[in-house]
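Chemist: First, the structure itself, so that you have it in front of you.
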Amino acid sequence: MKEVREILYKVKINKVIGDTSTLIENIASDSRKVKEKDLYIAIDGVNVDGHKYISSAIKKGAICIVCEVLPTKIQEGVLYVEVESTRQAIGIISSNYFSDPSTKLKLIGITGTNGKTTIATLLYNLYKTAGLKTGLISTVINYIDDKEIESTQTTPDSLTINILLNQMVEQGVKYCFMEVSSHGIEQKRISGLQFAGGIFSNLTHDHLDYHTSFEVYRNVKKEFFDNLPSNAFSLINKDDKNGMYMVQNTNSKVYTYGLKTYADYKTKILESSLEGMLLKINESEFWTNLSGKFNAYNLLAVFSAASILGMPFNETLQLMSALKSIKGRFEYLKLNDITAIVDYAHTPDALKNIINSINEIKTNKEALITIIGCGGGRDKSKRPLMGDIASSLSSKVIFTSDNPRNESPDTIIQEMISGVKPLNAVKTISIANRKEAIKTACQLARSNDIILIAGKGHETYQEINNKKHLFDDYKVVKEFLTKMN
């Protein structure tokens, strides 16, 4: 239990009604989870306004209410704290309640449009392989050292983050690598956290349904680096035109990496195949099981961060050579002389990068059959761009459903097809049923051909009419290719 006044440190308070020496058992932002002697924070969310459930929270036992607008009826015996922003307050309050867990380990945030999951997960795997207690907060899964915890968001809510970090500290974790999404930054989910470093991968077209414009999206990302302290570091992809913009106003120590421009950390691709790459960093060569230029950038970010954090050069390269690809990120299998690649590429730039990487590796003899869809209820402006990229760079394209959610899959497909140039139309077919689309690709493929299934990657479901149905691209394509014997 803690006194409320202890956990209000640094919170911007407008008004207090009641006794701040009140002792609370726990914190909740969901009224359904409130228990006796809890503090309830009313957050005006995207879909639900928590202020509507203040009375419900009190009935369930809440003895402290933190809100932006005080209720008209003030209940005796309950402490009310009116704050400027409950979104920001919950991060600070959660951090204070758990005694600032982010300051008791090295928390490294990774942000950017593409590569966040790969960089964060590879860093986690690298440090675990080095024998260090390590944590991971990512889109795919969360880890408290060896303990696996299901992930539901790229960047969890502030309370969940602090609960995870507190558990990490209790388990002796020294490093935590965390994906930081634009939604997480804008919604103040990282408020109150002390980052030891930040990594910027790249910035391309994404989430414009939420952020309204590319400039808004870019500036939200920049906020993360603006708020890093002077004892932290920023590691920036200098090849990205937005890289140096990110650190214009940061107080942190800035480092750069790149393949093309002069940077603090550089790498060169010496050899590349579907089985991996031979890379050269600082005159030393090493083989990696990961493929594609985009993964050369990811690996260089991993190497650079490890170097900044003090891992010895030779140990880093040795451990990196043993790193495996991540589920749903250029995850491939070869059966009956046909190669299938499953990848999360769901933005125009990510799709272009992975198709270009495949085309650079393969000879002109193999066909590349791309299966692609776009999610419903998300940025519609990228759909024609995805259609153009897939049809321009692939031998054949099958447009299908992704997670249509509450939209018509056929409508989404037609919006993708609207971006296909007339000369590429002959290479495209539409099959809304994703399983049938994958089956058709397997039937069309000939010896040595490559099938790319893009968009869903690690996901093990399809969201149709706002209901999740079991569906795993990797398992489905493996099943069909196995049957071709």
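Chemist: Yes or no: the stretch 434-455 includes at least one residue that is open to solvent by 30 Å² or more (accessible area, probe 1.4 Å) and over 23 Å from Ile338 (Cβ atoms).
Modeler: No; the residues of the stretch 434-455 include none that is open to solvent by 30 Å² or more (accessible area, probe 1.4 Å) and over 23 Å from Ile338 (Cβ atoms).
Chemist: Across the stretch 328-350, what is the total count of residues that are open to solvent by 40 Å² or more (accessible area, probe 1.4 Å), in a loop (DSSP other than H, G, I, E, B) and touching a His at 6+ places or on another chain (Cβ under 7 Å)?
Modeler: Total meeting the criteria: 1.
Chemist: Can you name every residue in the stretch 243-281 that is more than 20 Å from Phe225 (Cα to Cα), in contact with a helix residue (DSSP H, G or I) (Cβ under 7 Å, 6 or more places away or on another chain) and open to solvent by 40 Å² or more (accessible area, probe 1.4 Å)?
Modeler: Of the residues in the stretch 243-281, the ones more than 20 Å from Phe225 (Cα to Cα) are 259-262, 266-281.
With the extra rule that they be in contact with a helix residue (DSSP H, G or I) (Cβ under 7 Å, 6 or more places away or on another chain), the set shrinks to 259, 267, 269, 272-274, 277, 279, 281.
Those that are more than 20 Å from Phe225 (Cα to Cα), in contact with a helix residue (DSSP H, G or I) (Cβ under 7 Å, 6 or more places away or on another chain) and open to solvent by 40 Å² or more (accessible area, probe 1.4 Å): Ile269, Ser272.
Chemist: Any residue that is within 22 Å of Ser201 (Cβ to Cβ), under 15 Å from the mean Cα position of the chain (by Cα) and in contact (Cβ under 8 Å) with a residue 60 or more places away in the chain - is there at least one of those in the stretch 147-158?
Modeler: No - not one qualifying residue is present in the stretch 147-158.
Chemist: Any idea which of (1) basic (Lys, Arg); (2) assigned to a helix (DSSP H, G or I); (3) open to solvent by 30 Å² or more (accessible area, probe 1.4 Å) is the one Lys222 doesn't satisfy?
Modeler: Condition not satisfied by Lys222: (3).
Chemist: Let me ask something additional. Residues that are among the β-branched types (Val, Ile, Thr) and on the phi > 0 side of the Ramachandran plot: list the helices (runs of 4 or more DSSP H) wholly contained in the stretch 368-485 that include at least 1 such residues.
Modeler: Because the criterion is at least 1 residues that are among the β-branched types (Val, Ile, Thr) and on the phi > 0 side of the Ramachandran plot, no helices (runs of 4 or more DSSP H) in the stretch 368-485 meet it.
Chemist: Tell me which of these Val81 doesn't satisfy, since it passes every other one: (1) open to solvent by less than 40 Å² (accessible area, probe 1.4 Å); (2) in a helix (DSSP H, G or I).
Modeler: (2)
Chemist: Of all residues being open to solvent by less than 10 Å² (accessible area, probe 1.4 Å) and touching a Phe, Trp or Tyr at 6+ places or on another chain (Cβ under 8 Å) in the stretch 456-485, which is farthest from Asn403 (Cα to Cα)? Just the residue, please.
Modeler: That would be Gly457.
Chemist: Quickly run through the stretch 99-117 and pick out the residues that are crowded, with 24+ Cβ neighbours inside 10 Å, closer than 17 Å to Phe303 by Cα and modelled with pLDDT of 95 or more.
Modeler: Matches in the stretch 99-117: Leu107, Ile108, Gly109, Ile110, Thr111.
Chemist: Follow-up. List every residue pair whose Cβ atoms lie under 6 Å apart, where the two residues are 6 or more positions apart in sequence or sit on different chains, the first residue falls within the stretch 103-125 and is in contact (Cβ under 8 Å) with a residue 40 or more places away in the chain and over 20 Å from Asp349 (Cβ atoms), and the second residue, located anywhere, is polar (S, T, N, Q) and open to solvent by 20 Å² or more (accessible area, probe 1.4 Å).
Modeler: Going by the 6 Å Cβ cut-off, the qualifying pairs are Thr103/Gln194.
Chemist: So which pairs qualify, if the first residue must be in the stretch 28-40 and charged (D, E, K, R), the second must be assigned to a strand (DSSP E or B) and open to solvent by 50 Å² or more (accessible area, probe 1.4 Å), the Cβ gap must be under 8 Å, and the two must be at least 6 apart or on different chains?
Modeler: Lys35/Asn26; Lys37/Leu23; Lys37/Asn26; Asp38/Asn26
Chemist: Also: Mind checking which residues of the stretch 90-104 are in contact with a helix residue (DSSP H, G or I) (Cβ under 6 Å, 6 or more places away or on another chain) and not small (Gly, Ala, Ser)?
Modeler: Ile90, Ile93, Asn96, Tyr97, Phe98, Pro101, Lys104
Chemist: Do we find that Asp472 is closer than 28 Å to Gly115 by Cα, out of contact with any Pro (no Cβ under 9 Å at 6 or more places or on another chain) and at pLDDT below 95 in this structure?
Modeler: For Asp472, the condition - closer than 28 Å to Gly115 by Cα, out of contact with any Pro (no Cβ under 9 Å at 6 or more places or on another chain) and at pLDDT below 95 - is not met.
Chemist: Would you pick out the residues in the stretch 409-443 that are in contact (Cβ under 8 Å) with a residue 12 or more places away in the chain, hydrophobic (A, V, I, L, M, F, W, C) and farther than 17 Å from Thr482 by Cβ?
Modeler: Ile412, Ile413, Met416, Ile417, Val420, Ala425, Ile429, Ile431, Ala432, Ala437
Chemist: On the given criteria, is Thr400 open to solvent by 40 Å² or more (accessible area, probe 1.4 Å), of a type in the set (Val, Ile, Thr) and either without any contact (Cβ under 8 Å) to a residue 40 or more places away in the chain or within 26 Å of Tyr461 (Cα to Cα) (or both)?
Modeler: So Thr400 fails the test.
Chemist: Can you tell me how many residues within the stretch 125-137 are surrounded by fewer than 23 Cβ atoms within 10 Å (Cβ to Cβ) and closer than 15 Å to Glu179 by Cα?
Modeler: Final tally of qualifying residues: 1.
Chemist: Filter the stretch 128-146 for residues that are of a type in the set (Ser, Thr, Tyr) and in contact (Cβ under 8 Å) with a residue 60 or more places away in the chain and give the result.
Modeler: Selection gives Thr129, Thr139.
Chemist: Of all residues in the stretch 302-327 being surrounded by fewer than 16 Cβ atoms within 10 Å (Cβ to Cβ) and among the charged types (D, E, K, R), which is farthest from Trp287 (Cα to Cα)?
Modeler: If we take residues in the stretch 302-327 being surrounded by fewer than 16 Cβ atoms within 10 Å (Cβ to Cβ) and among the charged types (D, E, K, R), then Glu315 is farthest from Trp287 (Cα to Cα).
Chemist: For the stretch 36-51, check the following and say yes or no: at least one residue is under 21 Å from Ser99 (Cα atoms), open to solvent by less than 70 Å² (accessible area, probe 1.4 Å) and part of a loop (DSSP other than H, G, I, E, B).
Modeler: No, there is no match, as no residue in the stretch 36-51 is under 21 Å from Ser99 (Cα atoms), open to solvent by less than 70 Å² (accessible area, probe 1.4 Å) and part of a loop (DSSP other than H, G, I, E, B).
Chemist: Residue check, Glu186 against (1) farther than 18 Å from Lys327 by Cβ; (2) charged (D, E, K, R); (3) surrounded by 19 or more Cβ atoms within 10 Å (Cβ to Cβ), all met but one. Which one?
Modeler: In the conditions (1) farther than 18 Å from Lys327 by Cβ; (2) charged (D, E, K, R); (3) surrounded by 19 or more Cβ atoms within 10 Å (Cβ to Cβ), Glu186 misses (3) alone.
Chemist: Then there is this: Would you confirm, using the coordinates I've provided, whether Thr212 is modelled with pLDDT under 95 and open to solvent by 40 Å² or more (accessible area, probe 1.4 Å)?
Modeler: When the stated conditions are applied, Thr212 passes them.
Chemist: Mind listing just one residue for me: the one in the stretch 404-423 that is over 10 Å from Asp388 (Cβ atoms) and charged (D, E, K, R) and, of those, nearest to the chain's Cα centre (by Cα)?
Modeler: Going through the qualifying residues, I end up with Arg405.
Chemist: Would you be able to tell me the number of residues in the stretch 168-199 that are part of a helix (DSSP H, G or I) and either under 14 Å from the mean Cα position of the chain (by Cα) or closer than 14 Å to Thr134 by Cβ (or both)?
Modeler: Qualifying residue count for the region: 6.
The values are calculated or read from the model by the stated rules, or taken from the named source; none is laboratory data. Quick caveat, the model's predicted, so the values are computed rather than measured. Glycine also receives a Cβ, built like all others from the backbone with ideal geometry; neighbour counts cover every protein chain displayed. Surface areas here come from the heavy atoms of the whole protein model, side chains and all, with no ligands, DNA or RNA. Shrake-Rupley method; radii C 1.70, N 1.55, O 1.52, S 1.80 Å.
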